[in-house]
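**Q** A single structure is presented below for examination.
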Amino acid sequence: MKTLRHNKRFALWQLLLLSVVAPVLLALLLLPARAIATTTDVAMLQLLWVTLVAQYAGQRWAIISTFSSVLLLNLLFVEPYYTLFVHQGDYVITFVVMLLLGIFIARLSGRLRLELARAKKYMRQRQLLNNKTRQAKLQAELEHSRAMMLRSLSHDLRTPLATIMGASSMLADDELSLSEAQIREQANNIYQQSSLLSQHFDKVMELSRVQQMQSSMKIEPVAVSDIISAAIARRAPVLAEQSFAIELADTECAADATLLEIALANMLENAVKHGQQPVRIAFSNCNGQCSLSVSNATTARATAQRDSGTGLGTAICQAVMHLHAGQFTTETNAASEHFIARLSWPHTTTAGAKRG
């Protein structure tokens with residue numbers, strides 16, 4: 001018979017405290033505000049706790065915490081109170097959405113923890129060949145990468161989660177008399193934000209792929225025009241109808257084609273979403289230093305919304321440049337009001353070289 005494995009960092013009683021007892025205490029603390037707090041307010045606070053449990057305790061315990069939170073929400077904050085009976089069927093929508101979001105967060109965290117475990121395994125193998133200084137550096141990079149991914153997830157998931165919960169709450173509220181058009185609008189909001197969550201999950205997969213390629217990447221001569229075409233095709237739904245101004249001072253560079261394509265695709269997507277047409281793509285190879293930049297005009301408001309260092313797109317570009325011993329930078333030209341994102345890495349002519 002299978003038993004529930006517990007996280008090695010915590011004792012079983014501590015995990016039960018985090019995933020079962022703590023949600024009860026949180027619900028009791030919120031109980032005095034039941035008259036003024038909506039079920040959406042309570043659900044968002046409960047999902048915040050689920051996120052913390054997922055980060056520190058793991059996927060299984062986050063799912064347990066999600067079920068506990070949904071039951072407590074029904075028991076204490078939905079009439080009739082102190083029963084699990086739901087006399088308003090529309091509240092089922094809120095419960096289902098909250099449950100799905102909690103499971104989604106738990107699965108994302110589980111994926112991140114799996115990638116962290118793989119990275120640690122790789123690091124242990126590398127320790128046999130490296131000295132203590134190198135080991136310490138790898139550990140620092142690993143922890144930084146994990147923290148960056150968690151911050152990115154928190155940043156990118158906050159808005160769609162809030163929108164989905166708000167829309168589902170409106171549909172479930174019997175006191176609101178919504179027209180058919182308003183119902184369709186809120187249903188469309190839920191669909192659009194769910195699609196956005198799916199896109200974020202795809203980016204997590206891209207970032208995982210970038211990190212997994214650390215030991216197998218190939219530095220070889222590639223045509224810059226091919227990289228640009230492949231990057232646009234990768235984000236075809238967003239970029240297919242856009243106009244681009246391409247300026248190539250050189251036609252070839254030395255890089256891992258797949259990684260460079262992934263980074264450029266994220267730069268182009270960000271430029272199109274937050275700036276104006278046309279988007280300028282420029283490449284040069286000067287004094288042994290390759291530079292691939294994406295820029296376009298933008299307003300001051302749009303600049304503030306740009307992916308300024310906390311999004312998954314930025315994390316992916318930084319990871320790609322780290323593997324190329326280069327850097328990813330962004331800047332705003334105050335005179336022309338152009339936002340510029342740039343990949344810079346040293347040129348090497350060693351075809352087929354592997355970075356390990």
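Quick note: the coordinates plus some simple rules give every number you see, no bench work behind them. The model shown is predicted, which means the values in this text are computed figures rather than measured ones. When we count neighbours, we look across all protein chains shown, and the Cβ atoms used for this are built from the backbone with ideal geometry, even at glycine.
**Q** How do the peptides 221-227, 314-320, 238-244 rank, highest first, by the average count of neighbouring beta carbon atoms within 10 Å per residue?
**A** 314-320, 221-227, 238-244
**Q** Work out the FRET efficiency for Leu76 and Ala181 from their Cβ-Cβ distance, taking R0 = 45 Å, and round it to the nearest 0.05.
**A** 0.85
**Q** I've got another one for you. So if each residue of separation counts as 0.36 nm, and I subtract the Cα-Cα distance between Arg118 and Val238, what length gain in nm does that give?
**A** That pair, Arg118 and Val238, stretches by 39.9 nm at full extension.
**Q** Which peptide among 167-176, 328-337 comes first, and what is the full order, when sorted by highest mean count of other Cβ atoms within 10 Å?
**A** Ranking, from highest mean packing down: 167-176, 328-337.
**Q** Starting from the Cα-Cα distance between Ser225 and Arg111, subtract it from 0.36 nm times their residue separation and give me the gain in nm to one decimal.
**A** So the chain would gain 37.6 nm between Ser225 and Arg111.
**Q** What spacing in nm lies between the two simple spin-label points modelled at Ser195 and Arg209, each 7 Å away from Cα in the Cβ direction?
**A** Using points 7 Å along Cα→Cβ, the separation is 2.1 nm.
**Q** Compute, for the range 218-354, the length of the dipole vector about the Cα centre, with Cβ point charges of +1 (Lys, Arg) and -1 (Asp, Glu) only. Units Debye, rounded to 20.
**A** In total the dipole reaches around 300 debye.
**Q** Can you give the direction-averaged projected area of the convex hull of the alpha-carbon atoms in the range 218-354, in nm²?
**A** Orientation-averaged projected area of the Cα hull: 7.7 nm².
**Q** Note the full-extension length gain between Ala245 and Val20 as 0.36 nm times their separation in residues minus their Cα-Cα distance, in nm to one decimal.
**A** Value of the extension gain: 75.4 nm.
**Q** Also, I was wondering about something else. Between the range 43-98 and the range 216-275, how far is it from one alpha carbon centroid to the other, in angstrom?
**A** Cα centroid to Cα centroid, the span is 43 Å.
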